[in-house]
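Asks: The structure follows.
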Amino acid sequence: MSKRILVTAILSSLAAASPAFAADTELNIYSARHYQTDEALYGEFTKQTGIKINRIEAKEDELLERIRNEGANSPGDVFITVDASRLAHADRQGVFAPVKSAVLEERIPAHLRTSNWFSYSTRARIIVYNPELVKAEQVQTYEQLADPALKGKFCSRSGSHPYNLSLGAAMIEHNGIDKTEAWAKGLVDNFARAPKGGDTDQIKAVAAGECGVAIANSYYLARLMNSDKTADKKVVDSIEAVWPNQQSWGTHVNVSGAGMLKHAPNKGAAVKFLEYLASDQAQAYFANGNNEWPVVSSVKVANPALEKLGEFKADTLPIGKLADSVAEAQRIFDRAGYR
Ligand code: FE
């Protein structure tokens, strides 16, 4: 073998083995998340790397079906979605490829990543209550929401929604299956009305006095707090918010996250993008676009509502562990009639 051919052979085997050698010039992102800061988020990546981003945005299930149907021919490189239970669902279907990255391991706390996907922002599941209907000391924990003293006062979106299933999974991890089932039954017994609407609808119903207490993701409240609309201001003025479980395991947090797809044709670009999402600038765009918190603790976001809500003790349960109990949570909620 001539020297030149040998060098070429070594280089091409390196290129095959190491994504860092691939000269990817494009990146195909399948995203179930869309926010106003996305243009800046993606534009900055292209500016820094010269890699052009093609975005396919659709609902979670549509994207997953598409990835499955495309199989080994899928052009998708990265999948972005919200909620640990949805990321775990995608993972169980085998769509992700493991990513080993010193950058991601250094930037993202261990409990907020798995070997196959990474969290990039966090949101808290908070309690909101109407102080004219419920006393503060009655609603300091998730467990208290099942207390018979709150009969006819609790409002919720569907128990089958991933946000509630993830909370149920956290309850199972901390309190066990039996206590979680009793808790779910207690919630159902306390319903002010059958579950309907989204989290914002629950907050508004609490403000209107139709419910005394509800649970909602923090960004829905932050969105109302940052709103200029008179009606939204009125809602915010009529309610109080609680960081649940500050004396025990901490407030349940959930995430937005992303992973590299198994058949990604541009694996080098995909890893670069996953690492970029953990950079200071991208963290600020990614989190602030939806009033969430960055996962990289040194990154600070100027968000008046989040500043006003202040600091809290968050649950540190590993996000992958939480995902393990989502299916059990669904079975418990079904038995309890929390639909
Ligand atoms: Fe949401």
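The values are calculated or read from the model by the stated rules, or taken from the named source; none is laboratory data. Since we're looking at a predicted model, the values are computed, not measured. Ideal geometry is used to build each Cβ from the backbone, glycine not excepted, and the neighbour counts take in all protein chains shown. Side chains are part of the model used for accessible areas, which takes the heavy atoms of the whole protein and leaves out ligands, DNA and RNA. Shrake-Rupley method; radii C 1.70, N 1.55, O 1.52, S 1.80 Å.
Asks: Helix-only mean residue ellipticity at 222 nm, the chain, DSSP H runs n ≥ 4 weighted -39,500 (n - 2.57), per residue, nearest 500. What is it?
Replies: Details: 15 runs with 149 residues, N = 339.
Rounded to the nearest 500, the figure is -13000 deg cm²/dmol.
Asks: Can you compute the modelled spin-label distance between K59 and S298, with each label point 7 Å from Cα toward Cβ, in nm?
Replies: Distance between the two pseudo-spin positions: 4.2 nm.
Asks: Still on this structure, I have one more. Straight-line reach from K52: which aspartates and glutamates fall under 17 Å, measuring Cα to Cα and dropping same-chain residues less than 8 apart?
Replies: K52 reaches D24, E26, D38, E39, E44, D77, E275.
Asks: Which percent of the accessible heavy-atom area of the chain goes to carbon and sulfur, probe 1.4 angstrom? Don't jump to the answer; show the numbers that get you there.
Replies: On the way: 7950 of 15180 Å².
Heavy-atom surface of the chain belonging to carbon and sulfur, 1.4 Å probe: 52 percent.
Asks: Say the cut-off is 32 Å between C-alpha atoms; which of K100/K204; K185/K233; K100/K313; K47/K100 go over it?
Replies: On the way: K100/K204 44 Å; K185/K233 34 Å; K100/K313 29 Å; K47/K100 25 Å.
Too far apart for the 32 Å limit: K100/K204; K185/K233.
Asks: Here's another thing I want to ask about it. With a cut-off of 8 Å between alpha carbons and a minimum separation of six or more residues, what is the relative contact order of the chain in percent? Working shown, then result.
Replies: Details: 637 pairs, mean separation 98.6, N = 339.
Rounded, it is 29 percent for the chain.
Asks: Going Cα to Cα from K153, which aspartates and glutamates come in below 18 Å? Please leave out same-chain ones fewer than 8 positions away.
Replies: Counting by Cα, and skipping residues close in sequence, K153 has these aspartates and glutamates nearby: E132, E137, E143, D189, D199, D201, E210, E240.
Asks: Put a dot 7 Å past each Cα toward the Cβ at D189 and D334; how far apart are the dots in nm?
Replies: Simple spin-label model gives 2.4 nm for this pair.
Asks: Based on the mean of other Cβ atoms within 10 Å per residue, sort peptides 211-219, 197-205, 122-130 so the most packed one is first.
Replies: Values: 211-219: 25.6, 197-205: 20.3, 122-130: 23.0.
Ranking, from highest mean packing down: 211-219, 122-130, 197-205.
Asks: Would you please put 106-113, 154-161 in order of how densely packed they are, using the mean number of other Cβ atoms within 10 angstrom per residue and starting with the highest? Please list the in-between numbers first.
Replies: Details: 106-113: 17.9, 154-161: 21.2.
For the peptides 106-113, 154-161, the packing ranking is 154-161, 106-113.
Asks: Return a whole-number percent for the relative contact order of segment 46-192, with Cα pairs under 8 Å and 6 or more residues apart as the contact set.
Replies: Details: 89 pairs, mean separation 30.0, N = 147.
20 percent.
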